[in-house]
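Below: one structure, written as structure tokens.
The values are calculated or read from the model by the stated rules, or taken from the named source; none is laboratory data. Note that the structure is a prediction, hence the values are computed from the model and not measured. For neighbour counting, all protein chains shown are included, and Cβ atoms are generated from backbone atoms with ideal geometry for every residue, glycine included.
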Amino acid sequence: MNGLNDTYIVETNQGSFVLRIYKHQWRSESDILYELDFLVHLHHHGIPVSTPIPRLDGGWLTELEAPEGLRYAVLFTFAHGKTKVDAQTSRIFGRSVALLHRAADEYMPPHSRFSLDAKHLLDEPVQHILPFLQHRPDDYALVQEVSHRLRGYLDALPEGLLDWGACHGDLHGWNVHYTDAEALTHFDLDCCGRGWRSYDLSVFLWCRVESRTKKEEFKDECWDAFLDAYMKERPLQETDLEAIPVFVAVRQLWLMGLHTGNSALWGAWQDDSYFDRKLKFLKAWTKAYSL
């Protein structure tokens, strides 16, 4: 599967495995080692995650000299089951994410990695988006204005006000497999890093509502089940909950920046129809929550 990285299912007489080959210059060696070490930490704390499988020499990374340059390959355990998002699985998911965050509170990374901060989530994505909107001056201004307001909100947060720590980074609900026994396995922590836990949770809400454009449609039973289960296991402060709508808007800009920033690799399919859809949600969401 071709995505942020290239992913292959490896079938052997010992079972199935997943081979990920990271795109050239997508993640540094240190970035990847942080992700893999974090997975091992979570596994050792009882969190069901797909874990890296070491090479015979004990290392995790295999260097590949591709035509475009150096790439890294890692073999992972297979996450059995299938994806499913409904009220029941959302509740299971919410509790598991709470346990994941609890285990992540104890994580002391031996490797450096970028943080899920305002620079990574807002500043860099917006710089990728704006060149694609030069022929749409009103939307060019909209992205600048919204990102400026969101940045102002984040900059005004007193240090330590919001829960901060190691995050999954991509909890949209489809990076987890459920078995018939309702057990689950988390996988694909390629977007992990230290960041706001409110942002980490907001990604699930964002995924649930991103195709909707009316305020009355933004309430979602799967999100309600997810958050209720999370809060019963790991309560958050009111300030963290109040920040979640902000981070939904941040996530929309981050995704647009991801798409436009990788257009040279994936193709420039970010056309007017694409921006019509993405910005329609951004406008509706920021209006609904006065952002």
### Message
Given the options Ala249, Ala225, Ala243, name the one that is within 26 Å of Val176 (Cβ to Cβ), of a type in the set (Gly, Ala, Ser) and touching a Gly at 6+ places or on another chain (Cβ under 7 Å).
### Response
Ala225
#### Entry: Residue list for the stretch 98-119, restricted to those being outside any loop (DSSP other than H, G, I, E, B), under 16 Å from Leu154 (Cβ atoms) and either out of contact with any helix residue (DSSP H, G or I) (no Cβ under 8 Å at 6 or more places or on another chain) or among the charged types (D, E, K, R) (or both)
Lys119
### Query
Does the stretch 150-169 contain any residue that is closer than 29 Å to Ala73 by Cα, in contact (Cβ under 8 Å) with a residue 12 or more places away in the chain and assigned to a loop (DSSP other than H, G, I, E, B)?
yes
### Summary
Note on Asp105: of the conditions (1) surrounded by fewer than 15 Cβ atoms within 10 Å (Cβ to Cβ); (2) out of contact with any strand residue (DSSP E or B) (no Cβ under 7 Å at 6 or more places or on another chain); (3) over 30 Å from Ile9 (Cβ atoms), unmet is (2)
### Residue check, Asp224 more than 17 Å from Pro125 (Cα to Cα) and either assigned to a loop (DSSP other than H, G, I, E, B) or out of contact with any Lys or Arg (no Cβ under 9 Å at 6 or more places or on another chain) (or both)
yes
### Filter pass, His41 being outside any loop (DSSP other than H, G, I, E, B), surrounded by 14 or more Cβ atoms within 10 Å (Cβ to Cβ) and in contact (Cβ under 8 Å) with a residue 40 or more places away in the chain
yes
### Query
Which condition does Arg27 not pass, out of (1) at pLDDT 95 or above; (2) touching a strand residue (DSSP E or B) at 6+ places or on another chain (Cβ under 7 Å), if it passes all the others?
(2)
### Query
Hey, Arg27 hits all of (1) surrounded by 16 or more Cβ atoms within 10 Å (Cβ to Cβ); (2) in contact with a Lys or Arg (Cβ under 8 Å, 6 or more places away or on another chain); (3) part of a loop (DSSP other than H, G, I, E, B) but one; which does it fall short on?
(2)
### Query
Just checking, how many residues over the stretch 179-211 are part of a loop (DSSP other than H, G, I, E, B), at pLDDT 95 or above and either of a type in the set (Val, Ile, Thr) or touching a helix residue (DSSP H, G or I) at 6+ places or on another chain (Cβ under 7 Å) (or both)?
4
### Message
Can you pull out every residue in the stretch 227-253 that is more than 25 Å from Leu279 (Cα to Cα), part of a helix (DSSP H, G or I) and not β-branched (Val, Ile, Thr)?
### Response
Leu227, Asp228, Ala229, Tyr230, Met231, Lys232, Glu233, Glu238, Asp240
